[in-house]
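Before any comments, here is the structure.
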Amino acid sequence: SGLGAALRDYCSEFGLLTDIRVTCKTEGSFESVPPAVELCVYRITQEALQNVAKHARVAEADIELIRTDGLLCLTVSDRGPGMQTNRTGTPAGLGLVSIKERTRLVKGTFRIQSRPNQGTVLSVRIPLEKHAPVG
């Protein structure tokens, strides 16, 4: 059924289990996204939504997955209380470490923006041309 459909299904299921309404917007074609990248994006979405459920204390979250010009961009956002960062300016926590490592393994970049009482936005960008088959 593809990455977009899988994410929409997961967001619906997550909402039923947690009472957090998740809006899932997808844009572009995901047909030729390599399986390793698909799995990475799916697992990052799962982890990010678990973080929303555990920490954000919100009734809504947003997922956006866009494919454009050889780039896959995932954004997970909420309007919760925000989060504290450690001395290096990055948030601490095993879930975020996992997201950062998964992103690194597919040659992507990870960014998190959070301010007190302004919510949190997690952004992952994965260049797809680095995953093209050799031959």
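A compact table of results
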| read-out | value |
| --- | --- |
| Candidate set: segment 25-51, residues that are within 11 Å of the chain's Cα centre (by Cα) and among the hydrophobic types (A, V, I, L, M, F, W, C); chosen: the one farthest from Arg102 (Cα to Cα) | Leu49 |
| Test: residue in segment 32-50 that is touching an Asp or Glu at 6+ places or on another chain (Cβ under 7 Å) and farther than 12 Å from Leu74 by Cα | no |
| Every residue from segment 1-27 that is part of a loop (DSSP other than H, G, I, E, B), open to solvent by less than 70 Å² (accessible area, probe 1.4 Å) and modelled with pLDDT of 95 or more | Ile20 |
| Segment 33-51: number of residues that are without any contact (Cβ under 8 Å) to a residue 40 or more places away in the chain and not acidic (Asp, Glu) | 6 |
| Options Glu101, Glu31; residue that is surrounded by fewer than 17 Cβ atoms within 10 Å (Cβ to Cβ) and part of a loop (DSSP other than H, G, I, E, B) | Glu31 |
| Search result, residues across segment 34-68 that are surrounded by 13 or more Cβ atoms within 10 Å (Cβ to Cβ), polar (S, T, N, Q) and in contact with a Gly (Cβ under 9 Å, 6 or more places away or on another chain) | Gln50, Asn51 |
| Qualifying residue in segment 40-59 (condition: among the acidic types (Asp, Glu) and touching a helix residue (DSSP H, G or I) at 6+ places or on another chain (Cβ under 8 Å)) | yes |
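The values are calculated or read from the model by the stated rules, or taken from the named source; none is laboratory data. What you are looking at is a predicted structure, and each value in this text was computed from that prediction instead of being measured. All Cβ positions, even for glycine, are placed from backbone atoms using ideal geometry, and neighbour counts span all protein chains on display. Please note that ligands, DNA and RNA were not included when accessible areas were found on the heavy atoms of the full protein model with its side chains. Shrake-Rupley method; radii C 1.70, N 1.55, O 1.52, S 1.80 Å.
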